[in-house]
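The block underneath contains the structure these notes are about, expressed in structure tokens.
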Amino acid sequence: MLAHIARRIGHFHGHQISSAILRRMRASLKTINPISLQDFSQPNPSWSPEMRKFYDHYNAQCDTDTETYENKTGPWRKLPSYNRSIKHATGGIYISKLIQAKARLFTRSVNEQGATFEYVAFFNKEEKICICLFQPGHLLEGAPGHVHGGAIATMIDTVTGTLAGYLSGPSVTANLNINYRSPVPLGSVVIIHCALDRIEGRKTFITCKVTSTDESKVYTEATVLFVSIKLGSLFG
Ligand SMILES: CC(C)(COP(=O)(O)OP(=O)(O)OC[C@H]1O[C@@H](n2cnc3c(N)ncnc32)[C@H](O)[C@@H]1OP(=O)(O)O)[C@@H](O)C(=O)NCCC(=O)NCCS
């Protein structure tokens, strides 16, 4: 098992990791026990009935059963959400123990359920779109009773980045343009819709709209540019 992981760990989403880091990872495999991954995008008691209703709606149209992992037919895939994105990679749970071990994905860094970023994202490969159900908690206040603009930007960056990653591999945000049309009430449920605009070489352009669940109200609109990178560049 460890030898298998050691062979595969040289690649992160298909990108080569430097040999020095690789040596440290392989050496450390002997002392690290596998850790279980908690999926933070599963329903929890803080979810409002509306959040749960829309989750059930999209979950019913997924290609895999979330609990049994059995194949179904449906256009959507529910995306798991760990507290470090590196854990998505082959051997990622081991890598995450080695590089800045205490680091946490910003949106998953607060343990209190419902207090900050409650969200779940679904990906539709055929249509090259991602939607995210987002229930902002009370610790995300900006204007009284409403969500901080930076928290909305965070979620737009997160979901558009997820779509860019699935379509173009490892990428970083190069440009994020946001128009805030209407304040988002804390504790409400909104839908973040992201779609591929175009890919030009290393550049992936994504459009994004944040709306009410019935889509009658547009809260925010954005366009985001991601640039593909060699993952090794992040490791020096
Ligand atoms: C984005 C980044 C990787 C680009 O650097 P690079 O790899 O040297 O690539 P280049 O500067 O050659 O840019 C690649 C292409 O993207 C375009 N581009 C890069 N930054 C851009 C920006 N902010 N706005 C518009 N276009 C941009 C370039 O014009 C170039 O286009 P071209 O291929 O048509 O000529 C680099 O600037 C970077 O790392 N930025 C920080 C990213 C970050 O920290 N994001 C937040 C966390 S994810």
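Over 18 Å between Cα atoms, which of LYS102/LYS230; LYS78/LYS125; LYS128/LYS209; LYS53/LYS209; LYS128/LYS203; LYS53/LYS78 qualify? Write down the numbers at each step before the final one.
Numbers: LYS102/LYS230 24 Å; LYS78/LYS125 11 Å; LYS128/LYS209 15 Å; LYS53/LYS209 21 Å; LYS128/LYS203 15 Å; LYS53/LYS78 15 Å.
Over 18 Å apart, Cα to Cα: LYS102/LYS230; LYS53/LYS209.
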Ordered by fewest other Cβ atoms within 10 Å, a rough proxy for footprinting exposure, ASP157, ASP214, ASP56 read ASP214, ASP56, ASP157
Calculate one ³J(HN,Hα) per residue across the range 150-166 by plugging θ = phi - 60° into the Karplus curve 6.51 cos²θ - 1.76 cosθ + 1.60, and present them in order as whole Hz with x for glycine and proline. x, 5, 5, 4, 4, 5, 4, 4, 5, 6, 5, x, 5, 5, 4, x, 5
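Which trypsin sites (Lys or Arg not before Pro) does the range 149-207 hold that lie in a coil by DSSP with at most 16 other beta carbons within 10 Å? Please list the in-between numbers first.
Working: sites: ARG181, ARG198, ARG202, LYS203; in loops: ARG181, ARG202.
Loop-located and lightly packed - ARG181, ARG202.
Over the range 95-200, consider all pairs of different Cα atoms and compute the Kirkwood hydrodynamic radius from their mean reciprocal separation; express it in Å, one decimal.
Values: mean 1/r = 0.0663 Å⁻¹.
Hydrodynamic radius (Kirkwood, Cα only) of the range 95-200 equals 15.1 Å.
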Given a Förster distance of 35 Å, report the FRET efficiency between VAL218 and THR73 from their Cβ-Cβ distance, rounded to the nearest 0.05. 0.65
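As a footprinting exposure proxy, order PHE235, PHE134 by other Cβ within 10 Å, with the fewest listed first.
Ranked by crowding around the Cβ, least crowded first: PHE235, PHE134.
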Chymotrypsin sites (Phe, Trp or Tyr not before Pro) within the range 69-103: which are DSSP loop residues with at most 11 other Cβ atoms inside 10 Å? TYR69
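No value in this document is a laboratory result; all are computed from the given coordinates. These figures come from a predicted structure and were not determined experimentally. Quick reminder, even Gly has a Cβ in these numbers, built from the backbone with ideal geometry, and neighbours come from all protein chains shown.
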